[in-house]
Amino acid sequence: MEGIGLLWGPTDRDLATALNAAALRQQVIAHNLANAETPHYRRFDVVYEEALSRQQQAAARQKVALRRTHPAHLARPTSQPVQPMVVRDNSSVMRNDQNNVDVDREMAALAKNTLYYQTLTRVVGARMLALRTAISEGRR
Amino acid sequence: MAFLPSLDISASGLTAQRLRMDLIANNLANAYSTRSARGGPYRRQMAVFAAMEAPSWPWAANRAGATAPGRGVQVAAVVEDPTPPRLVYDPEHPDARADGYVEYPNVDVVTEMVDMLAAERGYQANLAAFGAATDMARAALNLIRV
């Protein structure tokens, strides 16, 4: 799979992981909203983007890294892909029943996550179109 | 499909809020029922929500420190409000006690109306999550459309 090069390479692996993270986040938000009025329920969160950014920063500090001509360029991580993680959020309780779900916050996260997912599917679609163009020798 | 659990979770929220709405409607309909099958006035009913925790989660299973969210919400029980009945002095009422007081249900119409609004909002929030999941699934399906 890695051998094909341009397509189905590390970028596609990262895109697939990001799509999985967004799908997982959708489940977590749905679960938080379903339990918005369950006593003692504590909301869940998905940790992915922060872990990815941390890994990229760590990769940038390594001695053997991609040569980057601009500090804003992303370094290609050589380690395992970052997997999304489900964590429980035990922060700020503002209600008598110890439930910390804020419906407004969850709705904003829901909207953001849907847009994020649709953006990712567009990117994957564009890459698939490029592959199709190559297969059909540019006739399309 | 990663979206099927999501739809089930949102559906559980819709079901729970609908059952809560049914109970509120029943409470309002019986706000003045002085007779019940068990004797005495009707008693206000309440739904007890409980989170359905999942034993394992695919992404979380192989990670230390990660916990797993559940499969949505369920109505664990329908309980009766233990507050005493409302007493109204009306000796002419057929269900009046010897001292002339009638026991009316412990249903407070204003409380029920507030609960009704909360149930409605909860239903809408779950419906929005359901819609978002179907939008995402549609975006994924469009990828395999030639």
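Which residues, counting only those in region A:90-101, are at pLDDT below 85 and either in contact with a Pro (Cβ under 7 Å, 6 or more places away or on another chain) or within 13 Å of chain B (Cβ to nearest Cβ) (or both)?
Once the filter is applied, which keeps residues that are at pLDDT below 85 and either in contact with a Pro (Cβ under 7 Å, 6 or more places away or on another chain) or within 13 Å of chain B (Cβ to nearest Cβ) (or both), region A:90-101 yields A:ASN90, A:ARG95.
For region A:110-140, enumerate the residues that are facing another protein chain (nearest Cβ under 8 Å) and among the small types (Gly, Ala, Ser).
A:ALA111, A:GLY125
Have a look at B:MET116, B:MET136 and point out the one that is under 21 Å from B:ARG44 (Cα atoms), part of a helix (DSSP H, G or I) and in contact (Cβ under 8 Å) with a residue 12 or more places away in the chain.
Just one listed residue meets the conditions, B:MET116.
Mind listing just one residue for me: the one in region B:26-49 that is assigned to a helix (DSSP H, G or I) and in contact (Cβ under 8 Å) with a residue 40 or more places away in the chain and, of those, farthest from B:ALA76 (Cα to Cα)?
B:LEU28
Just for region A:23-47: of the residues that are more than 7 Å from chain B (Cβ to nearest Cβ) and buried (at least 21 other Cβ atoms within 10 Å of the Cβ), which one is nearest to A:GLU106 (Cα to Cα)?
A:ASN32
Matching residues to (1) within 30 Å of B:ALA11 (Cβ to Cβ); (2) among the hydroxyl-bearing types (Ser, Thr, Tyr); (3) within 13 Å of chain A (Cβ to nearest Cβ); (4) over 17 Å from the mean Cα position of the chain (by Cα):
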| position | (1), (2), (3), (4) |
| --- | --- |
| B:ALA96 | no, no, no, yes |
| B:TYR101 | no, yes, no, yes |
| B:TYR104 | no, yes, no, yes |
| B:VAL110 | no, no, no, yes |
| B:VAL114 | yes, no, yes, no |
| B:TYR123 | yes, yes, yes, no |
| B:ASN126 | yes, no, yes, no |
| B:PHE130 | yes, no, yes, yes |
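The values are calculated or read from the model by the stated rules, or taken from the named source; none is laboratory data. Only a predicted model underlies this, so the values are computations on that prediction, with no experimental measurement involved. Note that we place each Cβ from the backbone using ideal geometry, even for glycine, and neighbour counts take in every protein chain shown.
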